[in-house]
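The values are calculated or read from the model by the stated rules, or taken from the named source; none is laboratory data. The shown structure was predicted, so the numbers you read here are calculated from the model rather than taken from an experiment. Cβ: placed from backbone, ideal geometry, glycine included. Neighbour counts: every protein chain shown.
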């Protein structure tokens, strides 16, 4: 399961287990200056857009890169029944418009990130 680690200068999204196989990376480093918005979405499975390169188990799990064909680049690891943290990003810095990560404590992580951003 992916996790978010907060550091002095930003956050690191770490992908674990099988996730790097589908995201094509073990982690994504995001400086605070590249985070445009922090949001909690109740259903992360519904928050993805466009085509994908990754794992899709309909109604259960999504891991990989979404947004193919719609001009949006999303890095995703979400599952059914779990809220997700959505970070809207500066694509020029991170290569992605959004990161969408399912977390059992998404609301608490969002509050912490909002407080930590300059």
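Below are the figures for this structure:
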read-out	value
Test: residue in region 82-92 that is at pLDDT 95 or above, in a loop (DSSP other than H, G, I, E, B) and farther than 25 Å from residue 17 by Cα	yes
First in region 84-103 and within 17 Å of residue 6 (Cβ to Cβ), second anywhere and part of a loop (DSSP other than H, G, I, E, B), Cβ under 6 Å, 6 or more apart	85/103; 89/96; 101/2
Qualifying residue in region 49-56 (condition: touching a residue at least 24 places away in the same chain (Cβ under 8 Å), within 11 Å of the chain's Cα centre (by Cα) and within 11 Å of residue 100 (Cβ to Cβ))	no
Scan of region 57-81 for residues that are surrounded by fewer than 16 Cβ atoms within 10 Å (Cβ to Cβ) and either within 11 Å of the chain's Cα centre (by Cα) or not in a strand (DSSP E or B) (or both), ordered by number	58, 59, 60, 69, 70, 71, 72, 80, 81
Index of the failed condition, residue 1 passing every other in (1) modelled with pLDDT under 95; (2) in contact with a strand residue (DSSP E or B) (Cβ under 6 Å, 6 or more places away or on another chain)	(2)
Enumeration of residues in region 11-31 that are in contact (Cβ under 8 Å) with a residue 24 or more places away in the chain, outside any strand (DSSP E or B) and touching a helix residue (DSSP H, G or I) at 6+ places or on another chain (Cβ under 7 Å)	15
